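S.K.: First, the structure itself, so that you have it in front of you.
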Amino acid sequence: MKSPQKPGNDITILLIDQLSELQAHISGCLRDEGYHVHIECEAEPGLRFWAEHHPQVVICDVASPEIDGLSVLSEITASEYSTQVIMISDAGEMNDVVKALRLGATDFLLKPISDPEVLLHAVKRALDEHAMLVQNQHYREQLEQTNRELNNSLRLLKEDQEAARVVQLKMLPEAKKQYGNIEIEYKIIPSLYLSGDFVDYFSLGQDRLGFYLADVSGHGASSAFVTVLLKTMANRVKQHYSREQPVPLRPAEILKRANDELLPLGLGKHLAVFCGYIDYAARKLVYCSAAHFPPPVLVTNGGALALEGSGLPVGLFEEVAYENQEVSLGESFDLVVFSDGILEVMPQQSVAQKEQYLMEIVSKGIHNIDQLLDHLDLRNQDAVPDDIALMTVSCSPR
């Protein structure tokens, strides 16, 4: 029956020393423990063996006629390998021992090495240090590989986001457009690369201008995806009007259809939407609010009005009912619509105070996007916690 192998069987130790008696003593002790021992009498062949085999431990004389132990030590510790070096010295070579420790020697042994336990303890300590360094190197390589994979994933994600950003920007209408004496303008400030806030506006036949501002729950790519569905629904609404249907769709019906289409998709997203149209001939605004907040502000007929609404979010509940509301428009008017991201960056303490401030600045004549950006200090925002969308619809007398 084979005797059990000792734990040192896969470990090689290089001994560089000229004294045959010391060689025999050290190698005998180590081989008894199951270590492989290779002996060299000179530094140069010793370094050649080390360079070829990279043993875990080197035991080397500090100074003898054919061995410059400090040079051997320097070459090994300057390499990328984890080999540990134990130096052997006479009691009178303590200066060299200090230099060796500064150069990275793991330990040193004084001649004669009469106690095998001292030798074996030093070797075990060196092997533990070697194992730790090898493990750390393995962890470092794993971390570097993980970082490379992460960087590659981030690069691909950024490319995907850039492509999605291009698509989203192409879906958005012009930042400013004139319809007769009505001007519509908007600004979106995304919190991430993509925005969950979305706006659109479009002509609805000869005498109507439709528009909406939608705020998808959350932000980023998943929320931006829902804006694609919104654009598709809006296109269908425009097609409906282009066919000159006898009974045109009104905002409440549009939001009800949007709710019915979003729910079965199971996207886990819902929308706050302000949807409306301006009827030029009837001089009125018809609108519907689905959980939109803060309420849009309309300035017309010499006063300012908050367009409150009680509709539930789109895409959250199965049984919903939305209500159309109407307000008459004077010869001139200004409508300002915000998404709720604006509340996150306002300095006022309470939501009521923020809502009041928005009403005040709009009623005092802050009606266009540039003025709003200045008064709400949005130009200096490096990053915003939530997407912000602003939209203005203004009419000046002919």
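S.K.: Name the residues in the range 310-339 that are within 21 Å of residue 378 (Cβ to Cβ) and either under 29 Å from the mean Cα position of the chain (by Cα) or loosely packed, with under 13 Cβ neighbours inside 10 Å (or both), would you? Working first, answer last.
M.R.: Step one: of the range 310-339, the residues within 21 Å of residue 378 (Cβ to Cβ) are 334-339.
Listed by number, the residues that qualify are 338, 339.
S.K.: While we're on this one: I need the full set of residues from the range 76-106 which are in contact with a helix residue (DSSP H, G or I) (Cβ under 8 Å, 6 or more places away or on another chain), under 14 Å from residue 56 (Cα atoms) and either among the small types (Gly, Ala, Ser) or not in a helix (DSSP H, G or I) (or both), in order please. So that I can check it myself, show each step before the final result.
M.R.: Step one: list which residues in the range 76-106 are in contact with a helix residue (DSSP H, G or I) (Cβ under 8 Å, 6 or more places away or on another chain), which gives 76-77, 82-89, 96, 99-100, 103-106.
Applying the additional criterion that residues be under 14 Å from residue 56 (Cα atoms) yields 76-77, 82-86, 105-106.
Hits for the range 76-106 are 82, 83, 84, 85, 86, 105, 106.
S.K.: When residue 225 is evaluated against the numbered criteria (1) among the aromatic types (Phe, Trp, Tyr); (2) at pLDDT below 75; (3) open to solvent by less than 40 Å² (accessible area, probe 1.4 Å), which criterion, by number, is the only one it fails?
M.R.: So residue 225 meets the others, but not (3).
S.K.: How about the range 112-124: which of its residues are at pLDDT below 90 and either in contact with a strand residue (DSSP E or B) (Cβ under 6 Å, 6 or more places away or on another chain) or among the β-branched types (Val, Ile, Thr) (or both)?
M.R.: Within the range 112-124, just 113 meets the criteria.
S.K.: A further question on this structure: Please go through the range 9-41 and pick out each residue that is part of a loop (DSSP other than H, G, I, E, B) and either in contact with a strand residue (DSSP E or B) (Cβ under 9 Å, 6 or more places away or on another chain) or closer than 18 Å to residue 53 by Cβ (or both).
M.R.: Within the range 9-41, 11, 17, 18, 19, 34, 35, 41 meet the criteria.
S.K.: Take the residues of the range 348-385 that are open to solvent by 30 Å² or more (accessible area, probe 1.4 Å) and touching a Ser or Thr at 6+ places or on another chain (Cβ under 8 Å): which is farthest from residue 287 (Cα to Cα)?
M.R.: Ranking the candidates gives 383 first.
S.K.: Identify the single condition in (1) surrounded by 12 or more Cβ atoms within 10 Å (Cβ to Cβ); (2) at pLDDT below 85; (3) in a helix (DSSP H, G or I) that residue 192 does not satisfy, given that it satisfies every other one.
M.R.: It fails just one condition, (3).
S.K.: What pairs come out if I take residues in the range 371-398 that are farther than 14 Å from residue 337 by Cα and pair them with residues that are among the aromatic types (Phe, Trp, Tyr) whose C-beta lies under 8 Å away, six or more apart or interchain?
M.R.: Matching pairs, first to second residue: 395/333.
S.K.: If you don't mind, another one. Consider residue 234 carefully, then state whether it is outside any loop (DSSP other than H, G, I, E, B), buried (at least 19 other Cβ atoms within 10 Å of the Cβ) and at pLDDT below 90.
M.R.: Yes: the conditions hold for residue 234.
S.K.: Go through the range 55-69 and report how many residues are open to solvent by 40 Å² or more (accessible area, probe 1.4 Å) and part of a strand (DSSP E or B).
M.R.: Looking only at that region, the number is 2.
S.K.: What residue, of 278, 342, is over 30 Å from residue 381 (Cα atoms), out of contact with any His (no Cβ under 8 Å at 6 or more places or on another chain) and surrounded by 17 or more Cβ atoms within 10 Å (Cβ to Cβ)?
M.R.: Just one listed residue meets the conditions, 278.
S.K.: Inspect all residues belonging to the range 108-127 and state whether any of them is in a loop (DSSP other than H, G, I, E, B) and open to solvent by less than 30 Å² (accessible area, probe 1.4 Å).
M.R.: Scanning the range 108-127, I find at least one residue that is in a loop (DSSP other than H, G, I, E, B) and open to solvent by less than 30 Å² (accessible area, probe 1.4 Å), so the answer is yes.
S.K.: Considering only residues that are within 18 Å of residue 352 (Cβ to Cβ), assigned to a loop (DSSP other than H, G, I, E, B) and open to solvent by 40 Å² or more (accessible area, probe 1.4 Å), look in the range 292-309 and name the one that is modelled with the lowest pLDDT.
M.R.: Taking the candidates together, the pick is 308.
S.K.: How many residues are open to solvent by less than 40 Å² (accessible area, probe 1.4 Å), among the small types (Gly, Ala, Ser) and either part of a loop (DSSP other than H, G, I, E, B) or within 19 Å of residue 305 (Cα to Cα) (or both) if we restrict to the range 386-398?
M.R.: Within the range 386-398, the subset open to solvent by less than 40 Å² (accessible area, probe 1.4 Å) is 386-395.
Those still in the list that are among the small types (Gly, Ala, Ser) too: 389, 394.
Checking which are either part of a loop (DSSP other than H, G, I, E, B) or within 19 Å of residue 305 (Cα to Cα) (or both) leaves us with 394.
So the count comes out to 1.
S.K.: Further question: For a quick check of your reading of the model, give me the residue pairs whose first member lies in the range 329-356 and is over 17 Å from residue 296 (Cα atoms) and of a type in the set (Phe, Trp, Tyr), whose second is buried (at least 18 other Cβ atoms within 10 Å of the Cβ) and at pLDDT below 95, with beta-carbon atoms closer than 6 Å and at least 6 apart or on different chains.
M.R.: Matching pairs, first to second residue: none at all.
The values are calculated or read from the model by the stated rules, or taken from the named source; none is laboratory data. Just so we're clear, the structure is a prediction, and the values are computed from it rather than from any experiment. Here Cβ is always computed from backbone atoms with ideal geometry, including for glycine, and neighbour counts include all displayed protein chains. Just so you know, the surface numbers come from the protein's heavy atoms only, side chains and all, with ligands and any DNA or RNA stripped out. Shrake-Rupley method; radii C 1.70, N 1.55, O 1.52, S 1.80 Å.
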